[in-house]
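Student: This structure is in structure tokens; I'll ask about it shortly.
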């Protein structure tokens, strides 16, 4: 056995680690009084106002008990390299690990940070149990480094919400009518089992693979990201699906001047409303959600703000998980459709040929007016690349190096990780871009795909003929009721009533209705601020009340626009 549990002089238990091939043992606790030893160590430890204490090394948990006693309201993460030690701690000092999150690998760490709310996060303090740490310092250093990456990623997600959440909600209400006019993406789930699926992205290598793609139109389900749509259209290639999920207006440029014919638009509920209104072809609706496990192993779903409220009154259009780009969402969609293998085409994740995108995207259209005798497309590309934080990564089929950047590298890591987690083959056919680990590298000209039993186009036509849009008249009635409540909140704020009475009336509305769940995303910044600053209750109450009024005015405007622009549509439903 690697560990010896023995009695100390005061009757407690201590733990000794036996070192193979050495006469030297590592004593993980005092041989006389391990409890007092841990208390002394914790006494000089200062966690400050942190939200989490990360403990490197569990041993028999005496130091964890001392930390729980000193910081009763602080979450503790207990990191341990050896599962045998965790088992011994549970056997001899079970109370130490009660209400404690134990971390034994990177997956445990990722699951934990996916499950916590960082809106009131105030940092991590690190307590090192020295004897445990010295057994395997590399493990603990790696875990702590990955902890910083997880925190950085979650904070980045939070900042993204701060920046875009209001825009997302505004777009959802602008796109709401399409829930009653177009099928949800779930209608297409499992309808293409074992069909090859091709994701077409707009990397520079796409240009030389267009002819190869043309030959595969009847042999695979082809979904292109919105950036690549114009490139395929100009080449006379019709993908089966084009996917868009960006909320910003510039994404509309991907669709101007394009005749959709048989290509189906897959639009997220937060995407630019002009795209759905302008696009004359068939449409299906999706929503972005994230699935993760909490500390108990329960699977949780985090969806786009407001959609959780909408789905109380109407069936969800269908979830697509995203890794931060349209291509990652397309990957999840093909998985849900049942496609196997999944082929990445034009997914360079690099500046192949020192270009940003394949020629033919709207970016080139915007750049052409800038060209003169002193500036050409190549110099414009170079100026953009120079502003990025570049790095060199292995090229496709290990043919030297290619210029990439840290954003591309994040997406590359996503695909590499996803390729190990799915039960389908993932093929990289980017022909000159970055290598993507855990994928099979096959040039597009060498892809040997069998003719499908039934063309994807026929299957799509049949699904549309058999699928009815959802009845959303109850949802519309609920929205109109929410509108009256928002109107009432704003009338209270404009009245001459004393502040305390206004607070009370607004609180009553929020407590007795579900309007709070609609306002909360718009109030996230204010809640984040109040949670991180020491303010008296009166100040907090005033700030939150003001934010409720501001958010109510914004939400009312979003709903009012929907009701006005879609008056005839709403009248038919109600």
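The values are calculated or read from the model by the stated rules, or taken from the named source; none is laboratory data. Every value quoted in this text rests on a predicted model; they were computed, and no experiment measured them. Methodologically, a virtual Cβ is constructed for each residue, glycine included, from the backbone with ideal geometry; neighbour enumeration extends over all protein chains shown.
Student: Does residue 436 satisfy the criteria of being touching a residue at least 40 places away in the same chain (Cβ under 8 Å), under 22 Å from residue 202 (Cβ atoms) and outside any loop (DSSP other than H, G, I, E, B)?
Tutor: No; evaluated as a whole, the condition is false for this residue.
Student: Same structure again: If residue 105 satisfies all but one of (1) within 22 Å of residue 143 (Cβ to Cβ); (2) touching a helix residue (DSSP H, G or I) at 6+ places or on another chain (Cβ under 7 Å), what's the number of the condition it fails?
Tutor: That leaves (2) as the condition not met.
Student: Out of all the residues in segment 120-145, which are crowded, with 17+ Cβ neighbours inside 10 Å and at pLDDT below 80?
Tutor: 121 - this is the single residue of segment 120-145 that is crowded, with 17+ Cβ neighbours inside 10 Å and at pLDDT below 80.
Student: List every residue pair whose Cβ atoms sit under 8 Å apart, with the two residues 6 or more apart in sequence or on different chains, where the first one lies in segment 239-258 and is part of a loop (DSSP other than H, G, I, E, B) and the second, anywhere, is modelled with pLDDT under 90 and surrounded by fewer than 18 Cβ atoms within 10 Å (Cβ to Cβ).
Tutor: Here the result reads 247/164, each pair linking segment 239-258 to a residue that is modelled with pLDDT under 90 and surrounded by fewer than 18 Cβ atoms within 10 Å (Cβ to Cβ).
Student: Tell me yes or no: at least one residue of segment 161-179 is touching a residue at least 12 places away in the same chain (Cβ under 8 Å) and in contact with a strand residue (DSSP E or B) (Cβ under 7 Å, 6 or more places away or on another chain).
Tutor: Scanning segment 161-179 turns up at least one residue that is touching a residue at least 12 places away in the same chain (Cβ under 8 Å) and in contact with a strand residue (DSSP E or B) (Cβ under 7 Å, 6 or more places away or on another chain).
Student: Does at least one position in segment 405-419 carry a residue that is over 21 Å from residue 352 (Cα atoms), assigned to a loop (DSSP other than H, G, I, E, B), in the same structural domain as residue 196 (by TED's automatic domain parsing) and at pLDDT 90 or above?
Tutor: The answer is no, given that none of the residues of segment 405-419 is over 21 Å from residue 352 (Cα atoms), assigned to a loop (DSSP other than H, G, I, E, B), in the same structural domain as residue 196 (by TED's automatic domain parsing) and at pLDDT 90 or above.
Student: Then there's this: Just to confirm my filter: which helices (runs of 4 or more DSSP H) fall fully inside segment 480-540 and include at least 2 residues that are modelled with pLDDT of 85 or more and either in contact with a helix residue (DSSP H, G or I) (Cβ under 8 Å, 6 or more places away or on another chain) or closer than 23 Å to residue 176 by Cβ (or both)?
Tutor: Per the criteria, 499-512, 515-519.
Student: Need the failing condition index for residue 36 against (1) out of contact with any strand residue (DSSP E or B) (no Cβ under 9 Å at 6 or more places or on another chain); (2) under 25 Å from residue 5 (Cβ atoms); (3) surrounded by fewer than 14 Cβ atoms within 10 Å (Cβ to Cβ), just the number.
Tutor: Every condition holds for residue 36 apart from (3).
Student: For segment 346-357, state whether one or more residues are at pLDDT 95 or above and under 22 Å from residue 244 (Cβ atoms).
Tutor: Taking every residue of segment 346-357 in turn, none turns out to be at pLDDT 95 or above and under 22 Å from residue 244 (Cβ atoms).
Student: To continue, here is another question. So which residues in segment 1-41 are under 45 Å from the mean Cα position of the chain (by Cα), free of Cβ contacts under 8 Å to residues at least 24 places away in the same chain and in a loop (DSSP other than H, G, I, E, B), if there are any at all?
Tutor: Within segment 1-41, 1, 19, 20 qualify.
Student: Among the listed residues 12, 41, which satisfies the condition of being in contact with a helix residue (DSSP H, G or I) (Cβ under 8 Å, 6 or more places away or on another chain) and surrounded by fewer than 18 Cβ atoms within 10 Å (Cβ to Cβ)?
Tutor: Within the list 12, 41, the selection yields 41.
Student: Under the condition of being surrounded by fewer than 17 Cβ atoms within 10 Å (Cβ to Cβ) and under 35 Å from the mean Cα position of the chain (by Cα), which residue from segment 46-70 is nearest to residue 136 (Cα to Cα)?
Tutor: So, considering only residues that are surrounded by fewer than 17 Cβ atoms within 10 Å (Cβ to Cβ) and under 35 Å from the mean Cα position of the chain (by Cα), the one nearest to residue 136 (Cα to Cα) is 46.
Student: Looking only at segment 196-221, count how many residues are touching a residue at least 40 places away in the same chain (Cβ under 8 Å) and either in a helix (DSSP H, G or I) or under 24 Å from residue 245 (Cα atoms) (or both).
Tutor: Qualifying residue count for the region: 18.
Student: Moving to a separate point now. Would you confirm whether any residue within segment 271-283 is closer than 23 Å to residue 161 by Cβ, in contact with a strand residue (DSSP E or B) (Cβ under 7 Å, 6 or more places away or on another chain) and either assigned to a strand (DSSP E or B) or free of Cβ contacts under 8 Å to residues at least 24 places away in the same chain (or both)?
Tutor: no
Student: Within segment 290-314, how many residues turn out to be out of contact with any helix residue (DSSP H, G or I) (no Cβ under 8 Å at 6 or more places or on another chain) and either part of a strand (DSSP E or B) or surrounded by 13 or more Cβ atoms within 10 Å (Cβ to Cβ) (or both)?
Tutor: The total comes to 6.
Student: Consider residue 430 carefully, then state whether it is under 24 Å from residue 211 (Cα atoms) and either touching a residue at least 12 places away in the same chain (Cβ under 8 Å) or not in a strand (DSSP E or B) (or both).
Tutor: Yes: the conditions hold for residue 430.
Student: Within segment 42-64, restricting attention to residues that are assigned to a helix (DSSP H, G or I) and without any contact (Cβ under 8 Å) to a residue 60 or more places away in the chain, which residue is nearest to residue 126 (Cα to Cα)?
Tutor: Checked segment 42-64; the qualifying residue nearest to residue 126 (Cα to Cα) is 64.
Student: Which of the numbered conditions does residue 169 fail, given that it passes all the others? Conditions: (1) buried (at least 22 other Cβ atoms within 10 Å of the Cβ); (2) in the same structural domain as residue 236 (by TED's automatic domain parsing).
Tutor: Unmet for residue 169, out of (1) buried (at least 22 other Cβ atoms within 10 Å of the Cβ); (2) in the same structural domain as residue 236 (by TED's automatic domain parsing): (2).
Student: Let me ask you something else. Search segment 83-98 for residues being more than 16 Å from residue 35 (Cα to Cα) and touching a residue at least 12 places away in the same chain (Cβ under 8 Å), and hand back the single one that is surrounded by the most Cβ atoms within 10 Å (Cβ to Cβ).
Tutor: 85
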